[in-house]
Amino acid sequence: MDERVMIDLDAYEIRANALGFEALSSLHSELSQLQNSKVGIDCKRLGWIDAQLGASLLTIVNLARGQETKFYSTT
């Protein structure tokens, strides 16, 4: 559990389009590979997320928490 991993969201915006869904899918795939880790999600590039996709982002984070993944903040 001592491993700290920073995942770069690598998106400037998450909208209800193919690029937005790809960003969320990519995040889910990366988090699915990590168990018993301390994870941070780097959102410094993110300037916009469509409101309806906020629930999807939270669902992805909560699924990772179910795999004993802990999240940390750098701020």
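The values are calculated or read from the model by the stated rules, or taken from the named source; none is laboratory data. What you see is a predicted model, and the numbers here were worked out from it, not measured in a lab. Reconstructed Cβ throughout: ideal geometry from the backbone, glycine too, with neighbour counts over all protein chains shown.
Quick notes on this one:
- Selection count, region 16-33, where residues are exposed (fewer than 15 other Cβ atoms within 10 Å of the Cβ) and either of a type in the set (S, T, N, Q) or touching a Leu at 6+ places or on another chain (Cβ under 8 Å) (or both): 6
- Taken over region 34-59, the criterion of being within 18 Å of residue 74 (Cβ to Cβ) and among the hydroxyl-bearing types (Ser, Thr, Tyr) is satisfied by 37 alone.
- Counting only residues that are in contact with a Gly (Cβ under 9 Å, 6 or more places away or on another chain) and under 16 Å from residue 6 (Cβ atoms), region 52-75 holds 4 of them.
- Residue match in region 4-19 (condition: at pLDDT 95 or above and of a type in the set (Lys, Arg)): yes
- Within the set 49, 41, the sole residue that is within 13 Å of residue 7 (Cα to Cα) and surrounded by 16 or more Cβ atoms within 10 Å (Cβ to Cβ) turns out to be 41.
- Checking region 10-33 against the condition returns no match, with no residue being part of a loop (DSSP other than H, G, I, E, B), closer than 16 Å to residue 73 by Cα and touching a Ser or Thr at 6+ places or on another chain (Cβ under 9 Å).
- Residues of region 52-63 satisfying the condition of being within 9 Å of the chain's Cα centre (by Cα) and surrounded by 13 or more Cβ atoms within 10 Å (Cβ to Cβ): 57, 60, 61
- Count - residues of region 42-75 that are free of Cβ contacts under 8 Å to residues at least 12 places away in the same chain and of a type outside the set (A, V, I, L, M, F, W, C): 7
- Residues that are over 15 Å from residue 27 (Cα atoms) and in a helix (DSSP H, G or I), drawn from region 52-75: 52
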